[in-house]
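J.: Please find one structure pasted underneath; my questions will follow.
The values are calculated or read from the model by the stated rules, or taken from the named source; none is laboratory data. Owing to the predicted nature of the structure, the values given are computational and were not obtained by experimental measurement. Cβ sites come from the backbone with ideal geometry, for glycine too, and all protein chains shown count toward neighbours.
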Amino acid sequence: MRLSGPIAIVTLFLLWEGGVRAFGIPEFLLPAPSAIWTDAMRIWPTVLNHTLSTLQTVLLGFAASVIISLPLAMLIASSPAISAAIYPLLVITQSIPKVALAPILIIALGANELPRVIVTFLVAFFPLVVASVAGLLAAPPELIELARACRAGRMQQMLRIRLPHAVPFVFGGLKVAAALSVVGAVVAEFVGADAGLGYLIQTSMAFFRTPLAFAAVVILAMMGMALFAIVGLIERILFPWSTSAQANIPAA
Amino acid sequence: MILLSGVGKTFRGRDGGEVQALTGIDLRVAPGEFVAIVGASGCGKSTLLRLVAGLVPVSLGRIEVDGSLVADPRADTAMVFQAPTLLPWADVLRNVTFPLRLMGKATRETEDRARALLAKAGLAGFETKLPRELSGGMQQRVAICRALLQQPRVLLMDEPFGALDALTREEMSLELLRIWGETGAAVLFVTHSISEAVLLADRVVVMSPRPGRIADIVPVELPRPRDFAQEAHPAFHAAAQRIRATIYQRGAAHAA
């Protein structure tokens with residue numbers, strides 16, 4: 001089971017390499033993995049710098065998503081009136097294409113890290129809010145009744161029952177947000193950046209250096225997978241009951 | 001002491017109409033008395049318990065515990081639900097101490113008392129287990145320990161053994177009696193099972209549905225401590241027969 005993931009990835013790369021060689025596909029269309037590797041290694045300090053730059057945007061944007069989404073979700077879950085007021089606003093932020101918003105933000109805030117982090121946040125936070133609200137509201141009524149029978153007020157019900165109950169849902173949202181943070185950071189870099197893997201893809205393609213662009217894409221994919229895995233690892237270590245609760249959801 | 005006088009409860013139905021769940025409930029439960037409530041589904045047994053718990057406000061009449069009006073859940077009232085309703089993220093010990101911690105009444109000896117109570121319920125060694133690692137019967141035992149740890153004056157039990165298999169159920173009934181005997185709490189025990197009601201209770205309140213009201217109150221003249229051998233006792237049969245007759249007579253009259 002545990003090996004099937006890596007095996008699938010290795011198989012994909014082998015087929016890719018074999019296919020490119022067998023059919024003689026030109027490098028500027030689809031470079032072979034070996035070509036990608038050699039090109040990226042030739043200028044690895046540059047690639048590393050771009051990677052770190054993107055990683056910083058991703059992590060800051062992801063952190064902002066977490067810090068803002070959880071209290072927001074608690075606020076939304078605390079009352080139907082607040083929920084009715086806030087949800088339409090959230091949906092509006094989601095309906096605006098972030099690619100369209102990015103240049104506006106960069107003009108307004110300057111070509112620095114801030115607009116990139118905001119775009120990353122805007123791309124990543126919504127699923128986290130939705131998942132967290134769902135988790136907070138899904139607390140079984142009998143647990144709420146138990147808390148009420150123990151004279152717990154609404155705040156205590158939120159903190160002692162709803163919040164812990166929402167943990168598996170929150171982690172589901174965190175995994176989606178982690179992957180989307182990578183997407184958000186690259187969108188922002190496409191529009192306004194002088195570093196980062198998104199920037200590297202654009203400049204490479206301008207000079208038909210396709211292997212380098214592919215290298216950036218592969219690194220982005222690995223970054224997304226690593227973040228996803230780290231979130232899952234944190235969940236297993238800090239909330240061991242949560243992973244089993246999640247495993248039980250489809251079974252129930 | 002629990003006192004209900006002229007208690008009625010109406011709910012607003014989904015169509016805006018009013019549904020009368022309970023009407024004219026008069027009942028007096030002495031300190032340390034065990035009162036079972038039986039009746040067909042939908043006769044308002046659980047609603048009655050929630051009213052006494054202060055979880056739901058009465059529409060009519062008044063409910064008092066020890067002379068003071070029940071308006072909110074009380075610290076000296078504990079409830080056991082049909083499902084164990086344990087916190088899935090907390091181990092057994094933290095589940096048992098949860099109400100006291102929530103009410104800010106946990107003290108240094110709370111944990112020791114919890115361990116002692118769990119041991120008495122046959123759960124020694126399970127303190128650090130999570131609820132999902134326990135069987136249904138053990139989970140419900142944890143829920144009962146959780147209620148008893150609050151040292152309640154009033155213990156409200158809403159079909160606490162309803163989800164258990166028949167054997168576990170019988171075993172748990174006797175355990176409950178044994179532990180309850182040491183607490184002196186007044187118990188209101190809702191059940192579907194007539195034999196369970198007779199075996200456990202000093203008096204059995206028989207309720208009839210639509211609207212829920214008290215049809216009969218049957219005293220059980222069996223000595224304590226109780227055990228299953230007493231099911232052969234004539235007093236057991238007499239009480240069970242009287243309860244059964246009340247429930248089915250009402251049902252038949254209603255159907256006619």
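J.: Just to be sure I understand, how many residues within region B:160-179 are buried (at least 21 other Cβ atoms within 10 Å of the Cβ) and closer than 25 Å to residue B:1 by Cβ?
T.: Residues that pass the stated criteria total 3.
J.: Of the residues that make up region A:187-194, is at least one more than 21 Å from the chain's Cα centre (by Cα), of a type in the set (D, E, K, R) and part of a helix (DSSP H, G or I)?
T.: no
J.: A further question follows. Looking only at region B:85-104, decide whether some residue is over 28 Å from residue B:161 (Cβ atoms), more than 17 Å from the chain's Cα centre (by Cα) and not assigned by TED's automatic domain parsing to the domain that holds residue B:196.
T.: Yes: region B:85-104 contains one or more residues that are over 28 Å from residue B:161 (Cβ atoms), more than 17 Å from the chain's Cα centre (by Cα) and not assigned by TED's automatic domain parsing to the domain that holds residue B:196.
J.: Is it the case that some residue within region B:154-168 is out of contact with any Phe, Trp or Tyr (no Cβ under 8 Å at 6 or more places or on another chain), part of a helix (DSSP H, G or I), within 22 Å of residue B:29 (Cα to Cα) and modelled with pLDDT of 90 or more?
T.: Scanning region B:154-168 turns up no residue that is out of contact with any Phe, Trp or Tyr (no Cβ under 8 Å at 6 or more places or on another chain), part of a helix (DSSP H, G or I), within 22 Å of residue B:29 (Cα to Cα) and modelled with pLDDT of 90 or more.
J.: Then there's this: Pairs, please: C-beta under 9 Å, at least 6 apart or cross-chain, first residue touching a residue at least 40 places away in the same chain (Cβ under 8 Å) and in region A:219-244, second of a type in the set (Lys, Arg)?
T.: A:227/A:175; A:228/A:175; A:231/A:175; A:232/A:175; A:235/A:175; A:242/A:236; A:243/A:236
J.: Then there is this: Name the helices (runs of 4 or more DSSP H) wholly within region A:82-179 that hold at least 3 residues that are more than 14 Å from chain B (Cβ to nearest Cβ)?
T.: Fully inside region A:82-179 and qualifying: A:98-109, A:113-137.
J.: Mind telling me which of the residues B:57, B:88, B:99, B:131 ends up being within 14 Å of another protein chain (Cβ to nearest Cβ), surrounded by fewer than 22 Cβ atoms within 10 Å (Cβ to Cβ) and touching a strand residue (DSSP E or B) at 6+ places or on another chain (Cβ under 9 Å)?
T.: Only one candidate qualifies: B:57.
J.: Taking the condition of being crowded, with 23+ Cβ neighbours inside 10 Å, more than 18 Å from residue A:216 (Cα to Cα) and not small (Gly, Ala, Ser), how many residues in region A:172-185 meet it?
T.: 1
J.: Continuing with the same structure: Here are B:224, B:210: which of them is under 21 Å from residue B:31 (Cα atoms) and out of contact with any Pro (no Cβ under 6 Å at 6 or more places or on another chain)?
T.: B:224
J.: Can residue B:93 be described as more than 10 Å from chain A (Cβ to nearest Cβ), over 27 Å from residue B:1 (Cβ atoms) and crowded, with 17+ Cβ neighbours inside 10 Å?
T.: Yes, satisfied.
J.: On to the next question. Looking at region B:218-236, is at least one residue in the same structural domain as residue B:162 (by TED's automatic domain parsing), without any contact (Cβ under 8 Å) to a residue 24 or more places away in the chain and part of a strand (DSSP E or B)?
T.: There is at least one residue in region B:218-236 that is in the same structural domain as residue B:162 (by TED's automatic domain parsing), without any contact (Cβ under 8 Å) to a residue 24 or more places away in the chain and part of a strand (DSSP E or B).
J.: Which condition number in (1) more than 14 Å from chain A (Cβ to nearest Cβ); (2) surrounded by 17 or more Cβ atoms within 10 Å (Cβ to Cβ); (3) farther than 25 Å from residue B:12 by Cα is the one that residue B:78 fails?
T.: Against the list (1) more than 14 Å from chain A (Cβ to nearest Cβ); (2) surrounded by 17 or more Cβ atoms within 10 Å (Cβ to Cβ); (3) farther than 25 Å from residue B:12 by Cα, residue B:78 comes up short only on (1).
J.: Additional query: Yes or no: residue A:46 hydroxyl-bearing (Ser, Thr, Tyr) and buried (at least 19 other Cβ atoms within 10 Å of the Cβ)?
T.: no
J.: If I filter region A:177-193 for residues that are over 28 Å from residue A:229 (Cβ atoms) and acidic (Asp, Glu), do I get at least one hit?
T.: No, region A:177-193 contains no residue that is over 28 Å from residue A:229 (Cβ atoms) and acidic (Asp, Glu).
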